[in-house]
Amino acid sequence: MKKKQLKELVNNMSLKDKIFQLLQLSGSFYQDAPDLVTGPKAKLGIEDDAIQNAGSILNVRGAEKTKAIQKEYMETSHNKIPLLFMADIINGFETIFPVPIGLGATWNPELIKQAAEVSAHEAAVSGIHVTFSPMVDLVRDPRWGRVMESTGEDAFLNSAYAKAFVKGYQGDADDLSDNNIIACVKHFAAYGAPEGGREYNTVDMSERTLREYYLPAYKAALDAGAKMVMTSFNVVDGIPATGNKWLNRDILREEWDFDGILISDYAAIKELEDHGVVENAKEAAKLALEAGVDIDMMTSVYANHLEEVINELPETEKYIDEAVYRVLELKNELGLFENPYRVANAEKEEEVILSDKHRNLARKVVNESLVLLKNNSTLPLNLNQKIALIGPYAESTSLSGSWSFSSDKDSTVTLKDAFSEWLNSDQLLVATGSRVVESEFLKDSLGNYYSEEDDMKLDEEAELKKAIDYAKQSDVVVMAIGEHYLQSGEGGSRADIELPQVQKKLVDEISKIGKPMVGIIFSGRPLDLKAEVNQFDSLLQAWFPGTEAGHGIADVVFGKVNPSGRLSMSFPYDVGQIPVHYNEFNTGRPLEDSGHSKRYTSKYVDIPNKPLFSFGYGLSYTTFNYTNFTLSNKILRKNEKITVSVEISNEGDYSGKETIQMYIRDMVGSVTRPIKELKGFKQVKLQPGETKTVTFEIDESMLRFYNREMSFVSEPGKFEVMIGSNSEDVQTLEFTLEK
Ligand code: NOJ
């Protein structure tokens with residue numbers, strides 16, 4: 001349809017029908033599709049007319065179901081404008097990739113783009129048009145459960161991933177191909193910074209911090225072409241994001257020129273009442289509409305109250321017209337007016353979903369997401385040994401995090417399955433050892449969402465005994481341990497981020513036996529691992545790796561693949577340090593070189609300042625050496641560039657991939673600048689004995705920040721450039737930006 005026809009369509013619609021286009025309901029309102037939504041099942045109090053004419057629905061999956069719903073809808077709705085199907089395709093559709101914090105650890109945006117392409121293809125043939133992904137919220141607090149869905153703590157790295165996700169879902173070209181779906185970037189804005197790491201809590205930060213660190217990844221997603229944005233649940237400077245005109249109109253639409261759809265998060269318009277910024281649902285509708293929210297996700301606020309708002313304030317109807325136009329425009333771009341079913345096709349689903357190609361990619365992504373945190377040469381494992389595989393994750397299929405749906409469990413490769421492919425049956429002893437977490441914890445914290453399936457039925461005493469026996473019989477113990485997948489994700493904030501106590505007990509018992517111990521850690525967040533670092537000889541951070549978990553991990557454990565993952569979020573030494581991130585300020589009394597007495601420096605008296613494992617950290621089976629670090633010039637002039645160059649040699653026995661990281665520090669600014677900021681990274685593969693030169697360029701635009709007047713500019717003066725294999729282990733040179 002042409003632009004003009006779309007405009008006419010909007011003009012010919014009744015106010016009621018226009019409002020219904022802005023309503024999004026879950027699939028359970030249509031046919032008997034299961035309701036896979038995450039939030040409370042709201043009792044909407046909504047009329048049938050609204051349901052029959054709603055504009056979009058969420059979280060229905062499968063070609064047959066989506067087609068049946070669309071068919072019935074087209075027969076019963078009076079405008080015959082097809083429904084949009086949206087869903088949370090977060091780390092895969094049926095082929096599940098590692099959770100995003102694991103994807104972040106690949107430092108390989110090109111690979112993440114390929115993973116997003118696979119997710120888009122599988123989702124598209126099942127009838128989905130839009131995914132509520134990527135979540136690009138910057139995170140500094142691992143207590144927050146949704147760090148699992150973020151790619152980490154750094155604006156530069158998150159921006160690279162944001163772009164990769166969007167290009168992967170929507171494709172590189174301007175026009176969508178059949179295999180593409182629409183990306184909805186979320187949660188706008190700063191949802192990743194709730195006070196105390198407590199879910200849905202207040203966010204309070206300066207505009208400078210917001211603009212400098214939290215906003216860039218959303219902007220990067222939009223620059224890459226993302227056609228949708230979702231609001232966040234939190235307040236920003238006292239005003240809930242969903243009713244925040246400054247964020248949604250002034251920044252998003254005016255400053256950034258965004259002309260796509262803005263959707264509320266689940267029930268967030270209704271929750272404006274709970275925030276105490278409006279008295280009733282009608283006011284909530286008015287506030288959200290004026291703030292620029294186009295679609296109301298899963299409440300009746302728009303559907304039941306916008307008409308009244310327009311009757312009282314006729315001039316606001318223009319906002320509705322704009323919003324409806326945007327919704328119709330997206331439907332048009334997807335080709336739904338010509339074919340409401342688009343590419344939904346059950347036969348294609350069979351062919352595409354979980355295909356060998358997709359699974360192979362998932363395995364590669366697992367390989368690259370694993371971060372070797374410690375290694376006393378126990379890894380890779382010697383294939384002639386007898387191995388005891390112990391822990392609640394040894395045979396578990398709950399390896400995909402909280403956004404994957406139960407249907408994928410049968411296709412998930414467990415550690416035991418994969419280890420069996422490498423070892424003779426008499427070389428592998430497998431014991432669960434303990435439950436993942438105390439049953440009471442699950443019951444208490446999940447309430448109505450508790451399901452026996454997520455719990456573990458086992459004779460704890462017998463399991464522990466078996467684990468101890470097997471450990472004694474083995475040459476090496478591999479422990480598959482971690483948090484429960486429901487301890488992270490939405491609603492999964494934790495105050496204590498250690499391993500669950502039941503597993504700590506198991507580790508204590510096994511470590512008494514004195515065998516070499518390898519720990520494989522499954523989690524949706526950086527855990528506090530300071531106890532385990534002493535107990536284990538080697539530690540491999542595995543996140544929740546998805547469908548190809550077992551294969552991907554076994555490749556690394558048995559040395560087929562040399563681990564190359566790097567942390568995109570710091571692992572704190574202790575929760576007391578949180579928020580802890582590498583790009584901190586120096587403070588007036590830094591711990592090192594401050595000239596102050598030890599007492600009156602910025603530090604804790606009981607724990608170190610540094611995290612246990614820093615941003616960018618990750619070991620390899622080989623050793624990389626950095627030499628000949630040089631700058632092409634010590635002076636940087638505006639409109640010119642400096643080339644940074646360094647030689648990397650592989651000095652060990654394994655071929656491997658190294659991630660070379662470049663950080664920059666502005667030594668003096670009109671406002672305090674961080675001690676370092678990531679400004680570039682590159683990956684190189686090196687054979688043993690091989691050396692390669694890696695170069696980066698620095699130009700003036702990379703040195704800009706929000707100055708005292710909140711202008712985004714660079715300031716002449718001295719800078720340090722640091723090159724290294726993580727944010728702590730760097731070599732430093734200086735240069736000057738000329739006036
Ligand atoms: C609430 C979550 O915050 C959001 O990320 C998700 O996309 C929606 N629910 C829809 O499921």
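So the values come out like this:
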quantity	calculated
Some residue of region 628-643 being open to solvent by less than 60 Å² (accessible area, probe 1.4 Å) and within 32 Å of the chain's Cα centre (by Cα)	no
Condition broken by residue 404, with the remaining ones in (1) of a type in the set (Ser, Thr, Tyr); (2) modelled with pLDDT under 95; (3) open to solvent by 30 Å² or more (accessible area, probe 1.4 Å); (4) in a loop (DSSP other than H, G, I, E, B) satisfied	(3)
Members of region 140-153 that are over 14 Å from residue 218 (Cβ atoms) and under 12 Å from the mean Cα position of the chain (by Cα)	145, 146, 147, 148, 149, 152, 153
Members of region 702-719 that are open to solvent by 40 Å² or more (accessible area, probe 1.4 Å) and in contact with a Ser or Thr (Cβ under 6 Å, 6 or more places away or on another chain)	704, 708, 718
Single residue of 291, 285 found to be open to solvent by less than 10 Å² (accessible area, probe 1.4 Å) and in contact with a His (Cβ under 7 Å, 6 or more places away or on another chain)	285
Residues (open to solvent by 10 Å² or more (accessible area, probe 1.4 Å) and among the charged types (D, E, K, R)) located in region 655-685	657, 665, 666, 673, 676, 677, 679, 682, 685
Hey, residue 609 open to solvent by 80 Å² or more (accessible area, probe 1.4 Å) and either of a type outside the set (A, V, I, L, M) or part of a strand (DSSP E or B) (or both) or not	no
Single unsatisfied condition, residue 95 versus (1) in contact with a strand residue (DSSP E or B) (Cβ under 9 Å, 6 or more places away or on another chain); (2) within 14 Å of residue 362 (Cα to Cα); (3) not basic (Lys, Arg)	(1)
Candidate set from region 492-520 (those that are of a type in the set (A, V, I, L, M, F, W, C), in contact (Cβ under 8 Å) with a residue 60 or more places away in the chain and not in a loop (DSSP other than H, G, I, E, B)); member that is most open to solvent (accessible area, probe 1.4 Å)	502
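The values are calculated or read from the model by the stated rules, or taken from the named source; none is laboratory data. This is a predicted model, so every value here is computed, not measured. Quick reminder, even Gly has a Cβ in these numbers, built from the backbone with ideal geometry, and neighbours come from all protein chains shown. Just the protein is used for accessible areas: all its heavy atoms, side chains included, with ligands, DNA and RNA removed. Shrake-Rupley method; radii C 1.70, N 1.55, O 1.52, S 1.80 Å.
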